[in-house]
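See below for the structure under consideration.
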Amino acid sequence: MSELTVENLHLAYGDNPILKGVTMTLNRGEVVALLGPSGSGKTTLLRAVAGLELPHEGTIRIGDKVVFDRARRIDVPAEARNLGLVFQSYALWPHKTVFDNVAYGLKLRGIGGAEGKSRVKAALEQLSLGHLGQRFPHQLSGGQQQRVALARALVYNPPVILLDEPLSNLDAKLREEARAWLRELIVRMQLSALCVTHDQSEALAMSDRILLLNAGRIEQQGTPQQMYSAPETLFTADFMGSNNRLPGRITETRDGAALLEGDGWRLWGTAKAGATRGSEGVGMIRLERIRVTEGPGDNRLQAELTTSMYLGDKWEHLFALGKERLRAYGEGPLESGRHWLELPQRALWIF
Amino acid sequence: MATIAKPTLEVAAPRPAAAFVGSLPRALTIALTAFAVLAPLSLIVYQSLLSAPFFDAAKRVGLDAYAFIFADPDFWSAVRNSLLIAAGMTLIAVPLGAVLAFVMERTDFPGKRWIEPMLLVPSFVSPMVLSFGYIVAAGPVGFFSIWATDLFGGAPWGLYSIAAMAVIAGLTHVPNVYIYASSALKNLGSDVEEAARIAGASPFRVAVSVSLPLIMPALLFSAVLVFFLGLELFGLPLVLGDPEGHLVLSTYLYKLTNKLGTPSYHLMAAVAVCIVAMTVPLVLLQRRLLQNVRKYATIKGKAGRLRELPLGRWKWVAVVLIGAWLFVSVIVPMTGIALRAFVTNWGFGVKLAEAFTLDNFHSVFEEPTHVRAIWNTVLIGTVGGALTVACYTAIGFATHRRNDGWSRVVDYLVLVPRAVPGLLIGLAFLWVFLFFAPLAPLRQTIFSVWLAYTVVWLAYGMRLISSSLMQVSTELEEAARTVGASRGRISREITLPLIRHGLLGSWLLVFMIFEREYSTGVYLLAPGTEVIGAQLVSLWQGGAIDVVAALSLINVVLVFIGLALALRFGVKLRD
């Protein structure tokens, strides 16, 4: 069952269109990540769902209740949409204790006294904050603040919880722990969550489904595996993962494969939409799929090693191929000079 | 399984308050503001178009009042004097204020921490008191004049010429420039100056070719501000212009009160309209310039700590310059008042120790009207100040985070009183109380003075309030909306508690300006509505020097109590 449905949402700031017709759904118990570069409209979409931005076209339904419908002039104010929103900055009220921050939503719903108290306690326990109730937000670490923000959004059991870059304010080491913890919490509590992020690895790790936004439109959506290993467009392929880009000319196509030719090299790859014979094409391949090999062979090309970088768990080698640069991972250092690189046909996408 | 898992405890969203109820307090606030601002002003314009006071049965609509004043040579000489003094004081205050700001913000000038509050003293002390201080300190028989005569056989200065008034007004308005110039320098990222140093410019070159151009918008703004304040001057020309009969616009208007024997309200209104016609463009210009200042402030880089520039040999030049300015604009008038309040009389051959007395204070406290004036002044600053801040806050909330037409209307409403000198607002409110019969009973109460004060300082107060409101991050309010709080509850339970420190600071600042205020109460002075400021104007006219001195000192003490509290609680004395 769909907890949240957005249809054909348009939104502009003045003359500047931000959302250009976004349609999406969020099912019960599902985590959907809104992924995209900055300026793609992902946070605006989240805020429109929350009722903090005013779209000029489209509908938004929460459960089976219409909360926004431009055509029917329905716009339920943010405070009546009964959603939970975790802000990027957490936005904890500095004048209220942790307990009061969490209790406010219940107080507004007329739940005070013993019941309110026990529910706030329960929520704090749930997020391992039980001992911090009487502290003020400024006395907490970043990770604790984030959990308070989450408790505040969850305590009144909203049908959908919205997360705006929930991990971006944590430092790198803490972020990975928090990611695992958050994923676990969401699954355990069967939350339906919509989560904005600009970090593709965060989206891959945390969500059941990814919506990739590009300039106010949904570029592609699907499971993390689909998004990563079967991108439909150049933008998706480029945005997910670390890539090599190889421009050339498509000289032959057959059976879903295309031949890309450049200055002194020719490579077979998987043909993607728009790859037609005789046109300019772009080959895309993930860094981890290029192999440094001993000698010539199918789908191999020769390139000059320019430098190598030691990354700790592996090496990254940088090769020059005419004007182009290719990067590949390796287990050890390489001698300088020319090397043969293999770009497997299945891993090389031609757009 | 979690206690707060969904299926077990479903909670309905709170019902939103009806939109109409939510906006009723707002509509009321806007309506009251509009009335308080527009009623007095329209009454002035209306009165200026009559041939007699508005309560006179024989009044006719026409331009007679304008014809009369335009035919009066005194009016034109007042216009000329006003422009001369305003221009002169601008020329003095702006360069001095800029230099002062540079020395205080950028160099290793000794003792900056405790000098800073001293620099602001002239802007906190009532101009009436300051001017009186100058007369008793440096007038023909002032303390300093007599000491100078003893030492050098003569005092080489005179106080009563137009030039002297421009100099004194210029020196005492240096803080107004200093405030804007120094905050512009503060906001100026030190990196742009460091970049110039690295590129090879000497500190002096940097000051002239980088810092100065970048704070130019702020200086231009403060120049317009000072010129504008020059047109508004009242206390200074009233006290210092009197002996030689120099009139400026405001004193011309004041003298008109009794010019024809009967109340000449129509003439006063015509002069008032002329003054406002000169100040309104200046206020609009200031608004434009302020946006410029902000534009420059936003290009700042990192606000790192700048290494102070060693003054070296120049230190002594700076010490002498700032010392001289402090001496002339703070120490001379303040000593004058402090001494004069404790002597029976003063003149050639009088020794301080022999003339010492407390009689001046006795006579103040024996006279019920003076006691009432002191009491009212304290009351209007404390209780009245709190009420005023409450009103300003209500107006602030009426426009906070609302970008509709009404918010813009309020923006302009708030700006309007800025263009009208306090003397005129007081006069206009007198008419409002006479004109609207239901308000008449309030006329004889301190409420009338409080209302006029609140309107006069509306623009200033709203700046304080909105800068507090701006500091509340939008997300804190949005977070409250998403958990289900209505607009009214957000204002009461989130925003208001968050700005309470800002409001307390505003209360202290409003207390100080209300203690300092004098011109607004002049026309509202009646049994029951005495405040020290207006009382001083009236007593000065009556020549009661001893009482004026004692009351002035009391007034200064009240302001300084506010100042000390503000410093103690770390209130920012400027925005």
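Bear in mind these aren't lab numbers, they're just calculated from the coordinates by the rules spelled out. Just so you know, these numbers come straight off a predicted model, no measurement behind them. When we count neighbours, we look across all protein chains shown, and the Cβ atoms used for this are built from the backbone with ideal geometry, even at glycine.
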(Q) Taking only complete DSSP H runs, can you tell me which helices of chain B stretch 30 Å or more along their own long axis by Cα positions and average at least 1.6 on the Kyte-Doolittle scale? (A) B:545-568
**Q.** Extension gain, B:THR474 back to B:ASP72 (0.36 nm per residue minus Cα-Cα distance, nm)
**A.** 139.1 nm
Q) Relative contact order (percent) for chain B, with alpha-carbon contacts under 8 angstrom and 6 or more residues of separation? A) 20 percent
Q: Please identify the longest segment of chain B free of exposed chymotrypsin sites (Phe, Trp or Tyr not before Pro), where exposed means a DSSP state other than H, G, I, E or B and no more than 16 other Cβ atoms within 10 Å.
A: B:158-347
Q: Between A:THR233 and A:ASP75, take the C-beta separation as r, use R0 = 45 Å, and let me know the FRET efficiency to the nearest 0.05.
A: 0.85
Q: Within 10 Å, count the other beta carbons around each residue, average over each peptide in B:212-219, A:238-245, and list them highest first.
A: B:212-219, A:238-245
Q. Which FRET efficiency value, to the nearest 0.05, is calculated for B:LEU504 and B:ALA353 with the Förster distance at 56 angstrom and r the Cβ-Cβ distance?
A. 0.80
**Q.** Exercise: per-residue mean of other protein chain Cβ atoms within 10 Å, A:68-79
**A.** 3
Q: Could you list, in their original order, any pairs among B:LYS112/B:LYS315; A:LYS272/A:LYS323; B:LYS186/B:LYS572; A:LYS42/A:LYS272; A:LYS20/A:LYS42; A:LYS96/A:LYS117 whose Cα atoms are separated by more than 20 Å?
A: A:LYS272/A:LYS323; A:LYS42/A:LYS272
Q.
If I build a Gaussian network model for chain A, linking alpha-carbon pairs within less than 10 angstrom, which residue out of A:PRO231, A:PRO333, A:PRO55 has the largest mean-square fluctuation?
A. A:PRO333
Q. Name the residues of segment A:274-288 whose amide N is less than 17 Å from a point 7 angstrom out from the Cα of A:MET309 along the C-beta direction?
A. A:286-288
Q: For n ≥ 4 DSSP H runs only, could you compute -39500 (n - 2.57) per run for the protein assembly as shown, divide by its residues and tell me the 222 nm figure to the nearest 500?
A: -16500 deg cm²/dmol
Q: Pull out a ≥ b ≥ c, the square roots of the eigenvalues of the alpha-carbon gyration tensor of segment B:529-575, then state rounded if a/c is under 1.5, prolate if not and a/b is larger than b/c, and oblate in the remaining case.
A: prolate
Q: Using Cα pairs closer than 8 Å and at least 6 residues apart in sequence, work out the relative contact order for chain A, in percent.
A: 16 percent
**Q.** Label point distance in nm, B:ASN292-B:TRP316, each placed 7 Å from Cα along Cα→Cβ
**A.** 4.0 nm
**Q.** Rounded to 10°, Cα long-axis angle of helix A:172-188 versus longest principal axis of chain A
**A.** 60 degrees
Q. Fully extended, how many nm does the chain gain between B:TYR46 and B:SER363 (0.36 nm per residue separation, minus their Cα-Cα distance)?
A. 109.8 nm
Q | Partner chain coverage, peptide A:108-119 - average Cβ within 10 angstrom | A | 2
Q. Which whole number gives the average count of other chain Cβ atoms within 10 Å of the Cβ atoms across peptide A:81-91?
A. 5
Q: Given the options A:ILE186, A:ILE111, A:ILE210, state which has the largest fluctuation in a GNM of chain A using a 10 Å cut-off (strictly under) for Cα springs.
A: A:ILE111
Q) For B:ALA341, which sequence-distant residues (separation of 5 or more, or a different chain) have an amide H within less than 5 Å of its own amide H, given hydrogens modelled in the peptide plane? A) none
**Q.** Shape of segment B:282-435, Cα gyration tensor, a/c cut at 1.5
**A.** oblate
Q: When a/c is below 1.5 the answer is rounded, else prolate if a/b is larger than b/c, else oblate, so apply that to the protein assembly as shown with a ≥ b ≥ c taken from the square roots of the Cα gyration tensor eigenvalues.
A: prolate
(Q) I'd like the FRET efficiency for A:ARG188 and A:ASN16, computed as 1/(1 + (r/R0)^6) with the beta carbon distance as r and R0 of 45 Å, rounded to 0.05. (A) 0.65
